[in-house]
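To start, the structure itself, in structure tokens.
Readers should treat all values here as calculations from the given coordinates under stated rules, not as data from a laboratory. Bear in mind that the values here come from a model prediction, so they are computed numbers and not experimental data. Heads up, the Cβs are rebuilt from the backbone with ideal geometry, glycines too, and the neighbour counts pull from every protein chain shown.
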Amino acid sequence: MEQWCFQDGASWRPYDAKSQKAIASCLRSGRKSCLIGQYKLDLNHNTQTNTQTGFVRAIAMKPVADVAEE
């Protein structure tokens, strides 16, 4: 099983269930970007941008076993 994650330093952290559903909905509708809270996700370039600070992180679909758990 895979899930959408964002890079946090050397670790990958999973998005919460609500965000996972929002990303899946964006992809199903053919959109290549979506806004989740203060983050704009670019699904073409696999990036997440904080719309308040401009900080950019990598995002990726990762196997559950490869994801850090909090």
Where does the chain land at 222 nm, in deg cm²/dmol rounded to the nearest 500, when only DSSP H runs of n ≥ 4 count, each adding -39500 (n - 2.57), divided by all residues?
-5500 deg cm²/dmol
I'd like the Karplus ³J(HN,Hα) series for region 57-62: coefficients 6.51, -1.76, 1.60, θ = phi - 60°, whole numbers in Hz, and an x wherever there's a Gly or Pro.
10, 7, 10, 6, 8, 10
Rough spin-label spacing in nm, given labels placed 7 Å along Cα→Cβ, for Met1 and Asp42
3.1 nm
Lys pairs in the chain with Cα under 16 Å (8 or more apart in sequence, or on separate chains) total 5
Considering all projection directions equally, how large on average is the shadow of the alpha-carbon convex hull of the chain, in square nanometres?
4.7 nm²
Pairwise FRET efficiency - Thr53 versus Ala24, Cβ, R0 = 30 Å, nearest 0.05:
0.70
Computed over the chain: relative contact order in percent, which uses C-alpha pairs under 8 Å that are six or more apart:
39 percent
Summing Lys, Arg as +1 and Asp, Glu as -1, what charge do residues with Cβ under 12 Å from the Cβ of Asp42 carry, Asp42 excluded?
+4
